[in-house]
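The values are calculated or read from the model by the stated rules, or taken from the named source; none is laboratory data. The structure displayed is predicted, hence computed values, not measured ones. Here the Cβ positions follow ideal geometry from the backbone for every residue, glycine too, while neighbour counts run over all protein chains shown.
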């Protein structure tokens, strides 16, 4: 892979930089979707889910959402827990991808597939935590 990327949309450069910087800080929805899967959350939902005041949509990657584990300590950069209900799951080899409904917002959550014992069933409730350092505002 290149050490510098120029991402174009309709003949215009929309973002340039190192691959990691583009992946972690996309400037708009196009870049976020091009560089992998993102959850796009409306500004009003961001307030309710993350307690963030924003004027635009925000993006959070599925791997930046954690399932709360009893006894584990989380840093200050992690949100308060939000209860969600699993709507669907998909086995993707070493990753389990869940579709989770949280406060009428459907989010994709990726967890490492450590064993079949870890598979959470459709309809199960779980508590989600969000890495606030990895939530990015994005333009349309």
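Each row is one residue, and each column tells you yes or no for (1) under 30 Å from residue 22 (Cβ atoms); (2) free of Cβ contacts under 8 Å to residues at least 12 places away in the same chain; (3) touching a helix residue (DSSP H, G or I) at 6+ places or on another chain (Cβ under 9 Å).
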| residue | (1), (2), (3) |
| --- | --- |
| 82 | yes, no, yes |
| 88 | yes, no, no |
| 93 | yes, no, no |
| 97 | yes, no, yes |
| 105 | yes, no, yes |
| 113 | yes, no, no |
| 125 | no, no, no |
| 131 | yes, no, yes |
| 136 | yes, no, yes |
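Examine segment 113-130 for a residue that is buried (at least 16 other Cβ atoms within 10 Å of the Cβ) and under 30 Å from residue 3 (Cα atoms), and state whether such a residue exists. Yes, segment 113-130 contains a residue that is buried (at least 16 other Cβ atoms within 10 Å of the Cβ) and under 30 Å from residue 3 (Cα atoms). Scan 50, 34 and give me the residue that is at pLDDT 90 or above and within 15 Å of the chain's Cα centre (by Cα). Selected residue: 50, the only one of 50, 34 that is at pLDDT 90 or above and within 15 Å of the chain's Cα centre (by Cα).
The selection criterion, being farther than 13 Å from residue 134 by Cα, out of contact with any helix residue (DSSP H, G or I) (no Cβ under 7 Å at 6 or more places or on another chain) and surrounded by fewer than 13 Cβ atoms within 10 Å (Cβ to Cβ), holds for residue 70.
Only residues that are surrounded by 17 or more Cβ atoms within 10 Å (Cβ to Cβ) and more than 14 Å from the chain's Cα centre (by Cα) were counted across segment 15-26, and they come to 2. No other residue among 62, 81 is surrounded by 13 or more Cβ atoms within 10 Å (Cβ to Cβ), modelled with pLDDT of 90 or more and under 11 Å from the mean Cα position of the chain (by Cα) apart from 62. When residues in segment 56-70 are screened for being in a loop (DSSP other than H, G, I, E, B) and touching a residue at least 40 places away in the same chain (Cβ under 8 Å), 3 of them pass.
Annotation note: of 94, 28, 39, 55, the sole residue that is closer than 25 Å to residue 6 by Cβ and at pLDDT 90 or above is 28. Going through (1) in contact with a strand residue (DSSP E or B) (Cβ under 9 Å, 6 or more places away or on another chain); (2) assigned to a loop (DSSP other than H, G, I, E, B); (3) more than 12 Å from residue 109 (Cα to Cα) one by one, residue 37 falls short only on (3).
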